[in-house]
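Below is one structure, written out as structure tokens, with a few remarks after it.
The values are calculated or read from the model by the stated rules, or taken from the named source; none is laboratory data. Just so it is clear, the structure is predicted and the values come from calculations on it, not from any experiment. Heads up, the Cβs are rebuilt from the backbone with ideal geometry, glycines too, and the neighbour counts pull from every protein chain shown.
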Amino acid sequence: MIRASRSAHALLAAVVLAPALACTAQTGEGVASDESAFCISCIAQTPADCLVGGANSVGIWDLKAPTLEAIGASYYGSVTLTRGSAAINPVVTVDGVPVGVWDNISGGLEVQPSIGFSTPMGTSPQTHTVSITGRCGTKTQTVTTQPATPTAPLIKLTATPGATHPGQAVHLHGEADRPSDTTCQRAVYTLREQVIGGPTTTTPLGTNSVGLVSFDFDRAPALTTDYTLTAACENNASAVGSATAHVDVAPSGPQTSTAPMTLYPYPPGIGGGPVGWAGAFPSIGTIQGNAISLTNPSGFNAPTVFLLKPGHFVSECAALPNNISSFVLLAPGQSITDFSALGVAAHPTLPIQLVACSTQAPTVPVTLSVTYTHP
């Protein structure tokens, strides 16, 4: 659709000038020897007469090259008259469709009035014919419009966090900005999830014509994944904008925890003897893991603990400290990180069992602290 506009624009298009049409000079009342004076006098008295030949000739219109400017899905153009005739209102047409009329152009003067028009953009070069018709004939020029190249939308995509463990939440935030001066009026959005070394999933996000669009997603990837947000112009699939966010997913390593281990006193056997303490960790149920340290917490009146080595018995507690080599000493605040002296691996698989002597009152349990790894 071609529409009238009074605005002039600045992008010069290719123009082919048609040959000027000559007007037939006529003589009549008011003819003078000076051509300029004659032109003005002649038109003033007989406006239907046309004269040509001088610097200020009237009746034939010289067109300034039509200009074109691409805005949105249309080309906006203007044509400019550089010389015109008095009291004659030439009609401007584009491809045979009138777009406006100039009013009362001053004859013999270097005036430059303009009149505008618009035409839709095409997908291939198009030639438009611009004509000005008045009482003395028609002046025609052609202008060629080139197909517009859509500007791809600008895309941003971020992933928070960018590194995680399997099944943990990742938030994706995307933005798509479609420039206002592009012919990409609407864009089709998709989110592609590419598991590294695995399958690809594409999720349609719909079509939107708004300039700035935002997206938010929550995902919980099991493996390292690339997320790609894409916007493709609906009217030109080659104009595509995209952004990719990479999320590293590392297998979860062993976790470390600390828990109390209680050693309970038990009375001596028949015939008497010292009291011993014994316990297991875990005392109930099972834990898949390994003990990595054992600590005797410090504190007011904290007891000293003597852990029996393999081949020794609680009855030997009575000889302490003379036989200290038969025990592993844990004074208040002390720890061991290697259990091998107790006849097990340095970091034994749970459960572990301990037998000890202690300076604790014979009816009070002893509480130690076990640090262990587990999945």
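Spot the failing condition for residue 285; the list is (1) in a helix (DSSP H, G or I); (2) within 53 Å of the chain's Cα centre (by Cα), and only one is missed.
Evaluating residue 285 over (1) in a helix (DSSP H, G or I); (2) within 53 Å of the chain's Cα centre (by Cα) leaves (1) as the failure.
Taking region 334-372, which residues are part of a loop (DSSP other than H, G, I, E, B), polar (S, T, N, Q) and exposed (fewer than 13 other Cβ atoms within 10 Å of the Cβ)?
Those that are part of a loop (DSSP other than H, G, I, E, B), polar (S, T, N, Q) and exposed (fewer than 13 other Cβ atoms within 10 Å of the Cβ): 337, 363.
For residue 304, indicate whether it is within 54 Å of the chain's Cα centre (by Cα) and either buried (at least 18 other Cβ atoms within 10 Å of the Cβ) or among the polar types (S, T, N, Q) (or both).
No; evaluated as a whole, the condition is false for this residue.
Can you name the residue in region 204-230 that is in contact with a strand residue (DSSP E or B) (Cβ under 6 Å, 6 or more places away or on another chain) and within 17 Å of residue 154 (Cβ to Cβ) and is also modelled with the lowest pLDDT among such residues?
212
Return the pairs, sorted by first residue and then second, in which the second residue is of a type outside the set (S, T, N, Q), the first residue lies in region 301-321 and is part of a helix (DSSP H, G or I), the beta carbons are less than 6 Å apart, and the residues are 6+ apart or on different chains.
These pairs meet every condition: 314/276; 315/273; 317/274; 317/357; 318/274.
State which residue pairs qualify: first residue loosely packed, with under 10 Cβ neighbours inside 10 Å and inside region 265-287, second residue at pLDDT 85 or above in any location, beta carbons under 8 Å apart, and separation of 6 or more residues or different chains.
Sorted first by the residue in region 265-287, then by its partner, the pairs are 286/350; 286/351.
Take the residues in region 190-229 that are closer than 14 Å to residue 177 by Cβ and part of a strand (DSSP E or B); name whichever of them is farthest from the chain's Cα centre (by Cα).
So, considering only residues that are closer than 14 Å to residue 177 by Cβ and part of a strand (DSSP E or B), the one farthest from the chain's Cα centre (by Cα) is 208.
List the number of the failed condition for residue 258; all other conditions in (1) at pLDDT 85 or above; (2) surrounded by 15 or more Cβ atoms within 10 Å (Cβ to Cβ); (3) within 30 Å of residue 313 (Cα to Cα) hold.
(2)
Could you list, in sequence order, all residues of region 317-333 that are more than 18 Å from residue 296 (Cα to Cα) and loosely packed, with under 14 Cβ neighbours inside 10 Å?
Residues satisfying the conditions are 318, 319, 321, 322, 323, 325.
Only one of (1) at pLDDT below 90; (2) in a strand (DSSP E or B) fails for residue 273. Which number is that?
(2)
Return yes when residue 253 is in a loop (DSSP other than H, G, I, E, B), without any contact (Cβ under 8 Å) to a residue 24 or more places away in the chain, on the phi > 0 side of the Ramachandran plot and out of contact with any Gly (no Cβ under 8 Å at 6 or more places or on another chain) and no when it is not.
no
Taking the options 201, 149, 160, 119, name whichever one is at pLDDT 70 or above, among the β-branched types (Val, Ile, Thr) and farther than 30 Å from residue 375 by Cβ.
Every option except 119 fails the conditions.
Against the definition (β-branched (Val, Ile, Thr), farther than 17 Å from residue 357 by Cβ and free of Cβ contacts under 8 Å to residues at least 40 places away in the same chain), how does residue 324 come out, yes or no?
Here the answer is no, as residue 324 does not meet what is asked.
Determine which single condition residue 130 fails, assuming it passes every other condition in (1) among the hydrophobic types (A, V, I, L, M, F, W, C); (2) modelled with pLDDT under 75; (3) under 18 Å from residue 94 (Cα atoms).
Going through (1) among the hydrophobic types (A, V, I, L, M, F, W, C); (2) modelled with pLDDT under 75; (3) under 18 Å from residue 94 (Cα atoms) one by one, residue 130 breaks only (2).
Within region 159-174, can you find the residues that are of a type in the set (Val, Ile, Thr) and either surrounded by 14 or more Cβ atoms within 10 Å (Cβ to Cβ) or within 9 Å of residue 247 (Cβ to Cβ) (or both)?
164, 170
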